[in-house]
Amino acid sequence: LSDGGSFSYVAGLSCPSLFRAVAPVAGVLHPVTDRLLRAKQGLEVPLCIVHGARDPIFDVRGVRSTTALLQKLGYRVDYHELPDWAHAWTDDINTRLLRPWFAALT
């Protein structure tokens, strides 16, 4: 969540052999990921991005742009924008979105 979501991008893309998949929640791409994306590193790591449309910390417009860039570069991205959600974490996100997403990976 938040900075942890941002770090999950860095960890997952820089060390793809260590991660089956990554799920950044309410995070953004850290500048260090620029070189990773240019090299298309971690392309094999599926991403499940969860972000609130009302997030006052990391504007959703930037996350939409990031998602489009990742998809254009060939990353496998599932994007979930939560219309009434701000910058918070609930167990419901785990139960409703993330656990089923991880379980469905083949």
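How much accessible area per residue does the chain have, in Å², with a 1.4 Å probe?
Each residue of the chain exposes 55 Å² on average to a 1.4 Å probe.
Rank these by accessible area, largest first, 1.4 Å probe: 80, 51.
Largest to smallest exposure gives the sequence 80, 51.
Loop-only trypsin sites (Lys or Arg not before Pro) in region 9-89, please: DSSP not H, G, I, E or B, and at most 15 other Cβ atoms within 10 Å.
20, 40, 54, 76
In the chain, carbon and sulfur make up what percent of the accessible area (probe 1.4 Å)?
Looking at the chain in its full context, I get 57 percent from C and S.
Distance in nm between label sites at residue 30 and residue 68, each 7 Å beyond Cα in the beta-carbon direction?
Here the answer is 2.6 nm between the modelled labels.
Please compute the modelled spin-label separation between residue 57 and residue 40, points set 7 Å along Cα→Cβ, answer in nm with one decimal.
Distance between the two pseudo-spin positions: 3.3 nm.
Assign one of three labels to region 49-90, namely rounded, prolate or oblate, based on the Cα gyration tensor with a ≥ b ≥ c the square roots of its eigenvalues; rounded applies when a/c is under 1.5, prolate when it is not and a/b is larger than b/c, and oblate otherwise.
Since a/c reaches 1.5 and a/b is larger than b/c, the shape of region 49-90 is classed as prolate.
Rounded to the nearest 10 Å², what accessible area does residue 10 have for a 1.4 Å probe in the complete protein model?
Rounded to the nearest 10, the figure is 30 Å².
The values are calculated or read from the model by the stated rules, or taken from the named source; none is laboratory data. Given the structure is predicted, the values throughout are model-derived calculations rather than measurements. Virtual Cβ from ideal backbone geometry, glycine too; neighbours counted across all protein chains shown. All accessible areas refer to the heavy atoms of the entire protein, side chains included, with ligands and DNA or RNA removed. Shrake-Rupley method; radii C 1.70, N 1.55, O 1.52, S 1.80 Å.
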